[in-house]
Amino acid sequence: MKKQLLIMAGLAVAYAVSGALGMLLAAPPGNVTAVWFPAGISLAVLLKFGDRMWPGITVGAFITNLLFFPQTGSLVTTVVGSLVIAAGSTFGNRLARYLVLRTCGLEALARPGAVMTFTACVLAGSAVNATVGLLATLPLTGLELAVAPSFWLTWWLGDAVGMLLIAPLVLSEGTPAPRRPWELAGAVALTLIIAQVIFARPIVGWLGTSLPMAWTVLPPMVWAAVRLGARGTIVITLLLFALITWGTLEGAGPLGSYARPVALLLIDGLLTTLVMTFLLLVASIAAVRGERALLEERVRERTRRLEAANQALVIEGEERVRLTSKLVDAQKQDALGRLAGG
């Protein structure tokens, strides 16, 4: 019980801290951001420790929204809106966990079809979060209906990307480590070089281009997916998220010329595409390796059976030779006996 309470408290703290950091990137009206890491942390904890950890989500979400709910001048409005959003976040994450366990389970990264099912479960849970958040914010803050679609879409994709980025760290437990430690360092170095050339980060003010060249981030992602597995892919994606967001919000790179809400949507779309594509690649590689291991095991088993059968044939042949030799000796003894008797 004590351990469970500690996990709940840790989840609430992690939710609040990561939520506060995420709100630094928030777009108007102030409680929607590009990637909502608390959603991913919540789903990961629920998958690893069970559904009983949900109070940690509620407390963390309530504290976060209490601090960052759009100011209306009324404490009651802020508290009510924060409670409603916290309840929606709790239900949405629990729904995502339920759907994942009922469909693809914890082996969601083992095959491409399971990745697609996992993504659908994440999108369903995120849709609940975004819908409840919109319904709580719209009447309590006077949010204009014209911006409601982009508000909902940013919230939905932000939660979904957060889940897609963090939850696979739990799902990929037990996967082999990179074959060579320098490979992760090489992928990180390549990521830094590409982000510097295209998005003018991490070194501020050096290079950067407005040309539509965001696709150049693909090489390190492919490298990570093929050589480093799910965890390596997530590490490179998180690094790209930080660098792309940093440059974009400072007006650098191919996405920097857009208004902040649109830029956040574009970042969400780019990250969603990257994460889904390369988790599918990771799952495909894992499936191929699994089939190869299964085939090798079948070959070894068949070889063992053939060797056992050959050994049995050898033993049977030796037994026949021995019996034949005894029969010949017996016939000789019989012939000699008859000859002596005659």
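Observations
- Take the Kirkwood radius over Cα pairs of the range 270-318, plug it into Stokes-Einstein at 20 °C and 1.002 mPa s, and you get 155 µm²/s for translational diffusion.
- Arg338-Ile315 pseudo-label distance in nm [points 7 Å out on the Cα-to-Cβ vector]: 3.7
- Structural descriptor for the chain: relative contact order 17 percent, calculated from alpha carbon pairs under 8 angstrom and at least 6 residues apart.
- Where only DSSP H runs of four or more residues are counted, the chain gives -26500 deg cm²/dmol as its mean residue ellipticity at 222 nm, each run worth -39500 (n - 2.57).
- Using alpha-carbon coordinates, inclination of helix 181-199 to the longest axis of the chain, degrees: 30
- Note: relative contact order over the range 120-169, using C-alpha pairs below 8 Å and six or more positions apart, is 51 percent.
- For q = 0.10, 0.15 Å⁻¹, Debye-computed log10 I/I(0) when each Cα of the chain counts as one equal scatterer: -0.66, -1.25
- Acute angle (nearest 10 degrees) that the helix 54-68 long axis makes with the longest principal axis of the chain, alpha-carbon atoms: 30
- From the C-alpha gyration tensor of the range 249-342, square roots of 5λ in Å: 85, 7, 4
- Legend: calculated FRET efficiency, Glu144 to Ser210, from the Cβ-Cβ distance at R0 = 25 Å, rounded to 0.05, equals 0.25.
- Summed side-chain charge close to Ala309 - residues other than Ala309 whose Cβ falls under 11 Å, Lys, Arg +1, Asp, Glu -1: +1
- The P(r) of the range 120-271 has a tail past 19 Å containing 60 percent of all C-alpha pairs.
- For the chain, the longest principal axis of the alpha carbon atoms and the long axis of helix 148-166 meet at an angle near 40°.
- Within the straight-line cut-off of under 25 Å between alpha carbons, the lysines reachable from Lys2 are Lys48, sequence neighbours fewer than 8 places apart in one chain being disregarded.
- Label-point separation in nm, Gln4 to Leu295, each point 7 Å along Cα→Cβ: 4.8
- Cα-centre dipole for the chain with unit charges at Cβ (Lys and Arg positive, Asp and Glu negative), debye to 20: 800
- Protection proxy ranking, highest mean first, for peptides 297-306, 3-12: 3-12, 297-306, where packing is the per-residue count of other beta-carbon atoms within 10 Å, averaged.
- Binned Cα-Cα distances of the range 1-148, short to long, each 10 Å bin given as a whole percent: 12, 40, 33, 14, 2, 0
Computed from the coordinates by the stated procedures, all read-outs in this text should not be read as laboratory data. Note that the structure is a prediction, hence the values are computed from the model and not measured. Virtual Cβ from ideal backbone geometry, glycine too; neighbours counted across all protein chains shown.
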